[in-house]
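The values are calculated or read from the model by the stated rules, or taken from the named source; none is laboratory data. Computed from a predicted model, the values in this text were never measured in an experiment. When we count neighbours, we look across all protein chains shown, and the Cβ atoms used for this are built from the backbone with ideal geometry, even at glycine. The area values use the complete protein model at the heavy-atom level, side chains included, leaving out ligands, DNA and RNA. Shrake-Rupley method; radii C 1.70, N 1.55, O 1.52, S 1.80 Å.
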Amino acid sequence: MKRRDFLKLSGAAALASAYPGTSLLADEIGVDAAAKTITIGGFTPITGPVPFYAILTHAADAYFKSVNEAGGIKGWKINYVTLDDGYDPARSVAAVRRLVEDNHIFALVAAVGTATNVAVIPYAKEVGLAMIGPIGGASAFFAEPNIFPLLPDYGWSAASNAEFAVNDLKLKKIALLWENDELGRSAKRGFDLFMEANKLTPAESVPFEVKTTDFTPHIRRVANAEADAAILFGSNANLAAALKAADRQGVKLTWFAPFFTADPATYKLTGDLLNGVYFSSWLLPVDSAEPEIKAYRAAVTKYYPNDPVGVFGLNGWSNAALFGSIFGALVDSGKPITRANLIEAGNSLNNASVGGARQVTFTGSDHRGTRQEAILQAQGSFAMVRDFKPYPAVAFDAKPA
């Protein structure tokens, strides 16, 4: 008998003796009870159009390395295996099959990409594989019992921006500039729902393409509408281009943007023009003094010293930490370490602090894990100017498009 097979059988036997009367042989995939090690996996685009997204995976790996160095999750060490998928959904499915059939993973954790994660849902459901912290934004993630997402729907975030603009800053003439794809359309849905519920008409609603570099005509439309605020949902490069176009035209606006642009890299693109911009964010600021954020900065600096410390990395770290929270809950439950019980443990998470996120909750019928956002402001660094607050119900409770 091969040593690997022997360890699998002995691990199952150890669990069976710990939980008499329970059959575990069929369910202990990825569990080495003898070594107290759990094997989990993910995919990431090392090649393809967005290789810099590997920063997310590096941060997730740094989380598991730091946890292992500190003794593991409740004494269990984590073996984190990742494969390159080139940001190609077909390759993502193939990668997950390899992870399941060759590496015998217990769960899929912090896998990168929206379309790529959506593509693997049918196979993951077929084999009973939990998808913990998929790094992407899709309404499909909130509807599946085996998926535990942290990233919010962008519509919730846009509604949070609009709510802060209207209720806290007393602004009424708000324009929306939105990327003409699912990211921007999701933001537009939430923004429109909030404005309609508050009997407000958007000053302007201007789509743009992801590769847009000149926002001169977009800003002209916003200025002609006499807007006093603008919410932009697009990349940090889009935000930088819009801020520069407004500055060239002398257009003064209060600006709002999504969490992933609240990053030191955005300052490199904008300079001081970024100061004053507000961001709705499900994550604490990357320069926060909170212990979890300090741990993120220390681990990434130690294990991936060439990677920047920023919101991308904190995103990956937090999605890995979600597995830590759920697996820790499973161990605390005293139930067998099985895939099914991992999902059950996930449904017990209530108002948990997870990495840079706060008050994360899952139930058997509701997998909208991140339920609140803070408001950050660029002030040379990123300061939290409003604490975490529930998303506006009109957007949070709306049926997905």
**OP:** Filter region 56-74 for residues that are in a loop (DSSP other than H, G, I, E, B) and touching an Asp or Glu at 6+ places or on another chain (Cβ under 8 Å) and give the result.
**Re:** 74
Subject >> Sole exception among (1) farther than 22 Å from residue 351 by Cα; (2) in contact with a helix residue (DSSP H, G or I) (Cβ under 7 Å, 6 or more places away or on another chain); (3) open to solvent by less than 10 Å² (accessible area, probe 1.4 Å) for residue 251, by number >> reply: (3)
Original post:
Among the residues of region 52-68, is there at least one that is charged (D, E, K, R), surrounded by 21 or more Cβ atoms within 10 Å (Cβ to Cβ) and at pLDDT 85 or above?
Top reply: yes
Original post:
among the aliphatic types (A, V, I, L, M) and over 30 Å from residue 273 (Cα atoms), is that true of residue 383?
Top reply: no
Original post:
Filter region 95-109 for residues that are out of contact with any Leu (no Cβ under 9 Å at 6 or more places or on another chain) and farther than 25 Å from residue 66 by Cα; which is surrounded by the most Cβ atoms within 10 Å (Cβ to Cβ)?
Top reply: 97
Original post:
Among 352, 357, 345, 378, which is touching a helix residue (DSSP H, G or I) at 6+ places or on another chain (Cβ under 7 Å) and farther than 21 Å from residue 320 by Cβ?
Top reply: 378
Original post:
Does any residue of region 256-264 turn out to be out of contact with any helix residue (DSSP H, G or I) (no Cβ under 7 Å at 6 or more places or on another chain), touching a residue at least 12 places away in the same chain (Cβ under 8 Å), more than 23 Å from residue 156 (Cβ to Cβ) and part of a helix (DSSP H, G or I)?
Top reply: yes
Subject >> Selection count, region 167-186, where residues are farther than 16 Å from residue 225 by Cα and at pLDDT below 95 >> reply: 8
Subject >> Odd one out for residue 284, checked against (1) under 21 Å from residue 391 (Cβ atoms); (2) assigned to a loop (DSSP other than H, G, I, E, B); (3) open to solvent by 30 Å² or more (accessible area, probe 1.4 Å); (4) of a type in the set (A, V, I, L, M, F, W, C) >> reply: (3)
**OP:** Among what's in region 254-273 and is of a type outside the set (S, T, N, Q) and either over 24 Å from residue 373 (Cα atoms) or over 19 Å from the mean Cα position of the chain (by Cα) (or both), pick the residue that is most open to solvent (accessible area, probe 1.4 Å).
**Re:** 268
Original post:
Any idea which of 242, 246 is surrounded by 19 or more Cβ atoms within 10 Å (Cβ to Cβ), in contact (Cβ under 8 Å) with a residue 60 or more places away in the chain, among the aliphatic types (A, V, I, L, M) and outside any loop (DSSP other than H, G, I, E, B)?
Top reply: 242
**OP:** Could you tell me whether region 370-392 includes any residue that is closer than 30 Å to residue 105 by Cα and either within 18 Å of the chain's Cα centre (by Cα) or aliphatic (A, V, I, L, M) (or both)?
**Re:** yes
**OP:** Could you tell me whether residue 312 is of a type outside the set (Ser, Thr, Tyr) and at pLDDT below 95?
**Re:** yes
**OP:** Scan region 274-281 and give yes if some residue there is touching a helix residue (DSSP H, G or I) at 6+ places or on another chain (Cβ under 7 Å) and open to solvent by 10 Å² or more (accessible area, probe 1.4 Å), otherwise no.
**Re:** yes
**OP:** Give the residues of region 346-366 that are open to solvent by 10 Å² or more (accessible area, probe 1.4 Å) and of a type in the set (A, V, I, L, M), sorted by residue number.
**Re:** 349, 352
Original post:
Within region 131-237, which strands (runs of 3 or more DSSP E) (wholly inside it) include 1 or more residues that are open to solvent by 10 Å² or more (accessible area, probe 1.4 Å) and closer than 24 Å to residue 273 by Cα?
Top reply: 174-179, 204-208
**OP:** For residue 12, work out the one condition from (1) modelled with pLDDT of 95 or more; (2) farther than 27 Å from residue 136 by Cα it doesn't fulfil.
**Re:** (1)
**OP:** Would you confirm whether any residue within region 308-318 is open to solvent by 10 Å² or more (accessible area, probe 1.4 Å) and β-branched (Val, Ile, Thr)?
**Re:** yes
